[in-house]
Amino acid sequence: MKKKIAFFQNDLDVGGIQKSAVNLMRNMDYDRFDMHLFLSEKQDFWNLDFPEQLHIHYLNPTPRFYSFVPFDYALKHIRYDFPEGIVFDLAVDFNSYQCSCAVGALTVPARKRVMFIHNDVEIKYRNEWKYRVLWHFFKGKFKHFDAFVAGTASIIEPFQRLSGVTDKPYGAIHNFIDVEAIRRKIEEPTDVAVDERCVNFVALGRLVHQKGYDLMLNYFAEACKNRDDLRLYIIGDGEDREALENQCAELGLKEKVFFLGSRANPYCIMQKMDAFISTSRYEGHPLNIMDAMVVGLPLYCTKNLEQYSDGLVGYEDIAAAIAAAQKTEKHPDDLAAYNKKILDSYWELAGGDEE
């Protein structure tokens, strides 16, 4: 019998959580799962070419002020319309930040309710004042969930310490990677041309404090002191773009670093590159590193990212590593066993073979 899953996500706009949700919905085993995707907003950066078996619902709008009241008040007063006659085996707050997703996952008829954890919340709490404000209001929601699932095991303990929730089951399920979609998109044309005589690095992700692009530019400037054939292409956009462009100019990198903005298809650009680089301050489970593995790019990541990505070997001195980089053959990874394990984990989370 199919497992019925109610999956709550805020929107499908730009972002790692959104991309992970899209990847999963496109590749879920619909012979085993009856999937219902509940969305709070209609932003759509991604092409919604979902399988016809996926049921998509939109929650009625939730006033913004509910994000700034104690969560139990919001839970008591917000009501959503759900499909009649369905009791789900599993309700998932996949977003974990938005009030609407938590209320939806806690009020839809379901046998089990879980929340996903996407980041090292201790570091996020310490670094972002806006998150500290939201945490103050929404921390009351955690006690209502039956279990928690993290994008990677290393972020479970930081969540437990900050939330104080230690009496619930915890597990880890990585983000699904849509390998076939990446392979198709690699073949599409792009307007980005690179100098083949140079060693070309690519970075992918939102231009925000968490992703550490300010650190990356400093490392790259240090490496460029030793050689003139290094180039960096940054795919993504965000609130820090102007500051980063100014930093780039101050470091004398305007002819060596290129800001490409958000791209629906970053993979055809990544395919032209020689290496991938990430210097994030913290992560959950980094999708961009997995994407780079599918493309087959060598990984240049800071040492701190090892804890968020299984098998990753980071660099203590990444500036020196960049300065020593050479062109090498790409080795794409099909991630077949990795993705199968993820779908099997959802089956177990929803009750497995239990009747």
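Residue 247: more than 22 Å from residue 149 (Cβ to Cβ) and either touching a helix residue (DSSP H, G or I) at 6+ places or on another chain (Cβ under 6 Å) or surrounded by 15 or more Cβ atoms within 10 Å (Cβ to Cβ) (or both), yes or no? Full working, then the answer.
On the way: more than 22 Å from residue 149 (Cβ to Cβ): yes; either touching a helix residue (DSSP H, G or I) at 6+ places or on another chain (Cβ under 6 Å) or surrounded by 15 or more Cβ atoms within 10 Å (Cβ to Cβ) (or both): yes.
Yes: the conditions hold for residue 247.
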* Taking helices (runs of 4 or more DSSP H) that do not extend beyond segment 195-293, which have at least 1 residues that are hydroxyl-bearing (Ser, Thr, Tyr)? -> 213-224, 267-270
* Structure fact -> Taking first residues from segment 221-244 that are of a type in the set (Phe, Trp, Tyr) and second residues anywhere that are in a helix (DSSP H, G or I), the pairs with Cβ under 8 Å that are 6 or more apart or on different chains are 233/269
* Evaluate segment 293-301: report whether one residue or more is at pLDDT 95 or above, touching a His at 6+ places or on another chain (Cβ under 8 Å) and under 23 Å from residue 268 (Cβ atoms). => yes
* Would you please list the contacts, defined by Cβ atoms under 6 Å and residues six or more apart or on different chains, that run from a residue in segment 190-215 that is in the same structural domain as residue 274 (by TED's automatic domain parsing) to a residue that is of a type in the set (S, T, N, Q) and in a strand (DSSP E or B)? => 194/200
* Pair list, Cβ under 7 Å, 6 or more apart: segment 153-175 residue modelled with pLDDT of 95 or more, other residue in a loop (DSSP other than H, G, I, E, B) and hydrophobic (A, V, I, L, M, F, W, C) -> 168/145
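Check whether at least one residue in segment 128-141 is over 15 Å from the mean Cα position of the chain (by Cα), surrounded by 15 or more Cβ atoms within 10 Å (Cβ to Cβ) and within 30 Å of residue 336 (Cα to Cα), and report yes or no. Can you show your working first?
Keep residues of segment 128-141 that are over 15 Å from the mean Cα position of the chain (by Cα), which gives 128-141.
Filter again for surrounded by 15 or more Cβ atoms within 10 Å (Cβ to Cβ), leaving 128, 131, 134-135, 137-141.
Next, from what is left, pick out any that are within 30 Å of residue 336 (Cα to Cα): none.
Checked segment 128-141: no residue is over 15 Å from the mean Cα position of the chain (by Cα), surrounded by 15 or more Cβ atoms within 10 Å (Cβ to Cβ) and within 30 Å of residue 336 (Cα to Cα).
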* To do: Report whether or not residue 272 is modelled with pLDDT of 95 or more, basic (Lys, Arg), within 20 Å of residue 182 (Cβ to Cβ) and surrounded by fewer than 20 Cβ atoms within 10 Å (Cβ to Cβ).
  => yes
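Per-residue answers, yes or no, for (1) in contact (Cβ under 8 Å) with a residue 40 or more places away in the chain; (2) within 21 Å of residue 153 (Cα to Cα):
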site	(1), (2)
257	yes, no
303	no, yes
316	no, no
322	yes, no
* To do: Please verify whether segment 117-138 includes one or more residues that are within 22 Å of residue 346 (Cα to Cα) and touching a strand residue (DSSP E or B) at 6+ places or on another chain (Cβ under 7 Å).
  => yes
* Tell me, which strands (runs of 3 or more DSSP E) wholly within segment 1-102 include 1 or more residues that are over 20 Å from the mean Cα position of the chain (by Cα), modelled with pLDDT of 90 or more and hydroxyl-bearing (Ser, Thr, Tyr)? -> 55-58
* Which ones in segment 162-194 are touching an Asp or Glu at 6+ places or on another chain (Cβ under 8 Å), assigned to a helix (DSSP H, G or I) and farther than 30 Å from residue 136 by Cα? -> 179, 182
* To do: Please give the number of the condition residue 168 fails out of (1) within 25 Å of residue 120 (Cβ to Cβ); (2) not assigned by TED's automatic domain parsing to the domain that holds residue 120.
  => (2)
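The values are calculated or read from the model by the stated rules, or taken from the named source; none is laboratory data. Remember, it's a predicted structure, so these values are computed and weren't measured experimentally. Heads up, the Cβs are rebuilt from the backbone with ideal geometry, glycines too, and the neighbour counts pull from every protein chain shown.
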